[in-house]
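Reading through the structure tokens given below for one structure.
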Amino acid sequence: MESFEVHEHDVLVIGAGGAGLRAAIEASAMGCSVGLVTKSLLGKAHTVMAEGGIAAAMGNRWPEDNWEVHFRDTMRGGKMLNNWRMAQLHAQEAPERVMELEDWGALFDRTDDGLISQRDFGGHKYARLAHVGDRTGLEMIRTLQQRTVQLGIDVFMECTVTDLLQSEGKVSGAFGYWRETGAFIAFEAPSVVLATGGIGKSFKVTSNSWEYTGDGHAMALRAGAKLINMEFVQFHPTGMVWPPSVKGLLVTESVRGDGGVLKNSEGKRFMFDYVPDVFRGQYAQTEDEGDRWYTDPDNNKRPPELLPRDEVARAINSEVKAGRGSPHGGVFLDIASRRSPAEILKRLPSMHHQFKELADVDITAEPMEVGPTCHYVMGGVEVDADTGAASRVPGLFAAGEVSGGMHGSNRLGGNSLSDLLVFGCRAGLGAAAYVTGLGDRRPTVDQDVVDAATATALRPFELEGGENPYTLHSELQQTMNDLVGIIRKEAEMTEALTKIDELKERAQHLVVQGGREFNPGWHLALDLRNMLLVSECVARAALLRQESRGGHTRDDYPAMDPAWRQKLLVCSGTGDGPVKVEEEGMPPMRDDLAALFQKDELKKYLTPAELANVPDAADAKES
Ligand SMILES: Cc1cc2nc3c(=O)[nH]c(=O)nc-3n(C[C@H](O)[C@H](O)[C@H](O)COP(=O)(O)OP(=O)(O)OC[C@H]3O[C@@H](n4cnc5c(N)ncnc54)[C@H](O)[C@@H]3O)c2cc1C
């Protein structure tokens, strides 16, 4: 076996997006030596693409807003499948995390009286997204990155981790390669925080960046951790549909938050026809009322264009299916007729630039064509809400999109950036405390485990006449798009699983041309191992859940079923055989949190037996 560099740290953070940076900062502040690995460049993680803002109940525009309202909105958005403890911590701690960003130098847009500006987004009762135009992710990454550099954290850029290392059942480090040279690298670290983001590159039409190959999800699974909620994949309602080269690219929800409306080919604002029963009473029934809500949310209901994303995506899908779509298979998103060009240019500069440059559409004068795009995975590593510790694997922590539970079956816009800050910080603390608790009982790296990781990474160079990774990737993306996409059916998901099995078998015979120096074919061959595993988790869990809820819509089970509200689907498996999916009961919501809802509303979600245990205080009037 060849020799390669080895680095030692107390805490290794894999991923330098919002979650990874925040975790690294916290672990470093606790006195740990921290290594931060990213397969792209520092400052270029997927978080940089975030547009609309960070959800936090700061009450800057609406003093009525507070953590309890944010908690309720988040639970409703997730259709009550959220880990309620995570939703509580998130709503309570997000404002402090945003203020801290400002202390570290982030320059947010301001209200007229000089406070951090907050904008409207779907599913949020009040305007609560702290933002910087529609380039919030850039400012967040810039600020966290500077803090990381200031603290002297060791950063390993363009370095991909392929496997976690374990000895005696505990995490002992990680193994990977430099993308430029192909040379291997190992990290000895008793505590590893996964912050690797999502899985969207397994789908053909997606808003996600090239980094989203589900590496952290798959590594955690192979290490023995559990993945929960993998059936819930968010299709953002508004991605570009034209031209084909940019199909799927995100059109931020801020367009609707700032007044944009959805219309079909007949010019009708169709969302009024798609308000589901659980949200009836919370959304406007007329265009006039919806329009008044932007300036007076206390006396009017919000427009249905701002329903949670799953509802809007399904509605667009139905309009297109009914033959009322736009010329390129989407619907129209119109802000031009609703706001002045100056306002649009001030609040949505990136959207204006994106459409002008890529589609030759001037959004201050014409409507955009938009349709659903795979955007976010609610599923991920099951973690302890307070510390970010992954279940079953001592020394493993996870935060951000790679973790599961916080968003239940559907994430509200803006709740990811706040999730990264709140749980990135908590995972950093959790990882540091774990290392301290180990004392001198640190696991050592086992040479056999490193040798096995090396052999796996080199395998694609050793075969001849096998499969091309690009062909397999494209077949996987098509399969997930067509058969496990926005509307799901039993027969199609069964077909998808057969296809994934076939692809897994063919992936044993992948070959790559050339050497190890910057070789994208090799990188893809290694990423495919992860994409196939997480795709199998998504398809198997989706087949089992016989109801429609949030980001999981079954054509054959179109309604939400209260019996499923208490169940999580948990994936486990080493990657060698089929993924195992089991049902796990959810603990009932704590009384004081349940009491934040009106009992009548809870009736829409809970079983009669559950409802009987909810205290009567739950009739309290909402603020
Ligand atoms: C266009 C767009 C706009 C969005 N706008 C918003 C918004 O306005 N508000 C909001 O709340 N959410 C938004 N989101 C969602 C949000 O941006 C993401 O969910 C969030 O940024 C994920 O952050 P993260 O820290 O978990 O992962 P990321 O920021 O993706 O970081 C993952 C890191 O892990 C690294 N990595 C991955 N695999 C490996 C590996 N094997 N080895 C080494 N490193 C690895 C990557 O290189 C990267 O550094 C948006 C998403 C998109 C696509």
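Residues that are buried (at least 24 other Cβ atoms within 10 Å of the Cβ) and free of Cβ contacts under 8 Å to residues at least 60 places away in the same chain were ranked within the stretch 49-94; the one that is nearest to PHE597 (Cα to Cα) is HIS70.
Just name the residue that is farthest from LEU533 (Cα to Cα) out of those in the stretch 214-229 that are within 11 Å of the ligand (Cβ to nearest atom) and part of a helix (DSSP H, G or I). Within the stretch 214-229, the match that is farthest from LEU533 (Cα to Cα) is GLY216. Do we find that PHE518 is within 16 Å of the ligand (Cβ to nearest atom) and surrounded by fewer than 21 Cβ atoms within 10 Å (Cβ to Cβ) in this structure? Against the criterion (within 16 Å of the ligand (Cβ to nearest atom) and surrounded by fewer than 21 Cβ atoms within 10 Å (Cβ to Cβ)), PHE518 qualifies. Of all the listed residues (GLY239, GLY281, GLY197, GLY257), the sole one being buried (at least 18 other Cβ atoms within 10 Å of the Cβ) and out of contact with any strand residue (DSSP E or B) (no Cβ under 7 Å at 6 or more places or on another chain) is GLY197. Identification of helices (runs of 4 or more DSSP H) wholly contained in the stretch 234-336 with 1 or more residues that are within 16 Å of the ligand (Cβ to nearest atom) and out of contact with any Lys or Arg (no Cβ under 6 Å at 6 or more places or on another chain) yields 254-257, 309-321. Taken as a whole, the stretch 169-179 holds at least one residue that is without any contact (Cβ under 8 Å) to a residue 60 or more places away in the chain and either within 16 Å of the ligand (Cβ to nearest atom) or crowded, with 24+ Cβ neighbours inside 10 Å (or both). Of the strands (runs of 3 or more DSSP E) lying entirely inside the stretch 1-115, those containing at least 3 residues that are over 17 Å from the mean Cα position of the chain (by Cα), within 13 Å of the ligand (Cβ to nearest atom) and at negative phi span 34-37. From the list SER418, SER391, the one residue that fits, being within 25 Å of ALA542 (Cβ to Cβ) and either touching a helix residue (DSSP H, G or I) at 6+ places or on another chain (Cβ under 7 Å) or surrounded by fewer than 24 Cβ atoms within 10 Å (Cβ to Cβ) (or both), is SER391. Against the numbered list (1) more than 30 Å from GLY281 (Cα to Cα); (2) free of Cβ contacts under 8 Å to residues at least 40 places away in the same chain, GLU311 comes up short only at (1).
All of the numbers you see were taken from the coordinates with simple rules; none came from a lab. Please read these numbers as outputs of a predicted model, since none were measured by experiment. Quick reminder, even Gly has a Cβ in these numbers, built from the backbone with ideal geometry, and neighbours come from all protein chains shown.
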